[in-house]
Amino acid sequence: QVQLVESGGGLGQAGGSLRLSCAASGRTFSRYTMGWFRPAPGKEREFVAAIRWSGGTTYYADSVKGRFAISRDNAKNTVYLQMNSLKPEDTAVYYCTVDPLGRTTDYGYNRPSSYNYWGQGTQVTVAS
């Protein structure tokens, strides 16, 4: 019943920008923490960014801090990832996820095990 559908990926240029969207359906996640992950060498999933339900508290991986910005529109049940100053190493499939059980509070915001209902991903490719 629950679906998270990512979009907005594609081919970007180094130094350019892309904006990813994650639209949720089948359930309202307006009061749940949501996040973005991507595969990385040596890791199953690497934390990218997370945002709490209020939208006022965000978390970022050091590798994207200052370049990416996560936001949400609870009325649309959608979370966004604005990706600026893209680097070739940002190339990855980006996955949207949600924490419907409050596990991010207990286990942390950067752990895949804190989340549930993963999307199928959107490919981001950054040319060198």
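The values are calculated or read from the model by the stated rules, or taken from the named source; none is laboratory data. This one's a predicted model, so the numbers in the text were calculated from it and none came from an experiment. Virtual Cβ from ideal backbone geometry, glycine too; neighbours counted across all protein chains shown. With ligands, DNA and RNA removed, areas are computed over all heavy atoms of the protein, side chains included. Shrake-Rupley method; radii C 1.70, N 1.55, O 1.52, S 1.80 Å.
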| Rounded if a/c under 1.5, otherwise prolate or oblate - region 41-114, Cα gyration tensor axes | oblate
| note | With all protein chains present, the chain has a carbon and sulfur share of its accessible area (1.4 Å probe) in percent of 44
| field | Cα-based shape type of region 12-53, given that a ≥ b ≥ c are square roots of the gyration tensor eigenvalues and the cut on a/c is 1.5 | value | oblate
| message | Quick check for you: which residues of region 1-23 have the amide N under 14 Å from the point 7 Å beyond the Cα of residue 91 toward its beta carbon? | response | 10-15
| Relative contact order of the chain, pairs being alpha-carbon contacts under 8 Å that are 6 or more residues apart, as % | 35
| With each pseudo-label sitting 7 Å past Cα toward Cβ, what's the residue 3-residue 57 distance in nm, one decimal? | 3.2
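May I ask you to compute the full-extension gain from residue 103 to residue 40, defined as 0.36 nm times their residue separation minus their alpha-carbon distance, rounded to one decimal in nm?
Length gained between residue 103 and residue 40: 20.4 nm.
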| remark: Per the rule of 0.36 nm per residue minus the C-alpha distance, extending residue 11 to residue 25 adds in nm 2.4 nm
| said: Among 29-38, 92-101, 72-81, 52-61, how do they line up by average Cβ neighbours within 10 Å per residue, starting with the highest? | reply: 29-38, 92-101, 72-81, 52-61
